[in-house]
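The values are calculated or read from the model by the stated rules, or taken from the named source; none is laboratory data. Keep in mind it's a predicted model, so treat the numbers as computed, not measured. FYI the Cβ positions are ideal-geometry reconstructions off the backbone, even for glycines, and counts take in every protein chain you see.
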Amino acid sequence: ALLKARNALHAGRTIVGHWHGSGCPLLAETVTATSDYDVLVVDCQHGIIDAPAAMAVMASVRNASPFVRLRDTSAAHIHHALDAGAMGLIAPLINTADDARAFVCEAMYPPLGSRSFGPVRASLLGLGGPGGYFASANESVLCWAMIETAAALHNVEQIAAVPGVHGVFIGPNDLSLSLGVPPSSNPQDPAVLQSIAKIRAAAHSASKKAGIFCGDGAFARRMADEGFDFVIAGTDTGLLQMGAARELEAVRAG
Ligand code: 3PY
Ligand code: MG
């Protein structure tokens, strides 16, 4: 399950993620035990989640690869997320190739980077053969650079080309804001859609993967059809909100 996302991407399949912002391990376990998502993303930027909660959520994930959307790209936070068991990192607001290099550097053990050693929980996961976690971490952990500003859009070719960046990942809300339109997880604005297509093409020209946050399954399907390799379909709080409203409506409408 740990390498589910990585193996599927290597096989050329589009992976589907669930986005988790509540910090509640039971919700993460419920979703991943009952659905076949490839990834559960623990959102440490906008989710209400501190380091112990992020670890507890990752420990509750079943049959999916746990990823962390980082709060920022500080070395301490990156090391912590990985030591707690993240198999993928999604770094917000990567605007330049230098930002991307700094991010990837902290996610890799020497000689590729400057990740510090201490995989307190990650070493318990049973990853890798001889040499265990340490020997396999650099090639198992997937680094995604978020493209979500006009500056990042301008620099996307250079960002995608940075060695160690496995893929770029679009934040449609911030990208919309940065382009002067209201935030949306299901953007309809032609300029935003054009930018999304440009970012995907840039990733693929650099032989990298392309991912995008999507507000719902329908937009995720559309993005997968356009060639995206990683799409998000649903958030814990969003699904709860929709399900609660639907059931209440079923009662009241009756
Ligand atoms: C964005 O849309 O800006 C994101 O970061 C995804 O939630
Ligand atoms: Mg964002």
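Per-residue answers, yes or no, for (1) in contact with a Phe, Trp or Tyr (Cβ under 8 Å, 6 or more places away or on another chain); (2) more than 16 Å from ligand 1 (Cβ to nearest atom); (3) modelled with pLDDT of 95 or more; (4) among the acidic types (Asp, Glu):
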| position | (1), (2), (3), (4) |
| --- | --- |
| VAL141 | no, yes, yes, no |
| ILE159 | no, no, yes, no |
| PRO163 | no, yes, yes, no |
| HIS166 | yes, yes, yes, no |
| LEU175 | no, no, yes, no |
| LEU179 | no, no, yes, no |
| ALA197 | no, yes, yes, no |
| ALA203 | no, yes, yes, no |
| GLY211 | yes, no, yes, no |
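Within segment 62-78, the set of residues being within 15 Å of ligand 2 (Cβ to nearest atom) and exposed (fewer than 15 other Cβ atoms within 10 Å of the Cβ) comprises ASP72 only. Residues in segment 198-254 that are crowded, with 20+ Cβ neighbours inside 10 Å and over 18 Å from the mean Cα position of the chain (by Cα): ALA202 only. Pairing residues of segment 10-27 that are modelled with pLDDT of 95 or more with residues that are assigned to a loop (DSSP other than H, G, I, E, B) and polar (S, T, N, Q), at Cβ distances under 8 Å and at least 6 apart in sequence or on separate chains, gives HIS18/SER35. The set of residues from segment 181-195 being out of contact with any Gly (no Cβ under 8 Å at 6 or more places or on another chain), touching a residue at least 12 places away in the same chain (Cβ under 8 Å) and within 13 Å of ligand 1 (Cβ to nearest atom) comprises PRO187, VAL192, SER195. Taken over segment 154-180, residues that are within 23 Å of VAL16 (Cα to Cα) and either free of Cβ contacts under 8 Å to residues at least 40 places away in the same chain or outside any helix (DSSP H, G or I) (or both) amount to 10. Mind listing whichever residues of segment 119-148 are more than 16 Å from ligand 2 (Cβ to nearest atom) and in a strand (DSSP E or B)? Of everything in segment 119-148, those that are more than 16 Å from ligand 2 (Cβ to nearest atom) and in a strand (DSSP E or B) turn out to be LEU142, CYS143. On inspection, SER116 fails the criterion of being part of a loop (DSSP other than H, G, I, E, B), of a type in the set (Gly, Ala, Ser) and within 16 Å of ligand 2 (Cβ to nearest atom).
Out of ALA203, ALA151, ALA97, report the one residue that is touching a residue at least 40 places away in the same chain (Cβ under 8 Å), within 16 Å of ligand 2 (Cβ to nearest atom) and farther than 18 Å from ARG69 by Cα. So that I can check it myself, show each step before the final result.
On the way: ALA203 fails: within 16 Å of ligand 2 (Cβ to nearest atom); ALA97 fails: within 16 Å of ligand 2 (Cβ to nearest atom).
Residue meeting the stated conditions: ALA151.
Counting only residues that are surrounded by fewer than 18 Cβ atoms within 10 Å (Cβ to Cβ) and among the acidic types (Asp, Glu), segment 1-43 holds 2 of them.
Every test in (1) buried (at least 20 other Cβ atoms within 10 Å of the Cβ); (2) part of a loop (DSSP other than H, G, I, E, B) is passed by SER195 save one, and that test is (2).
Once segment 39-56 is narrowed to residues that are touching a Pro at 6+ places or on another chain (Cβ under 6 Å) and over 23 Å from ALA8 (Cβ atoms), the residue that is farthest from ligand 2 (Cβ to nearest atom) is ALA56.
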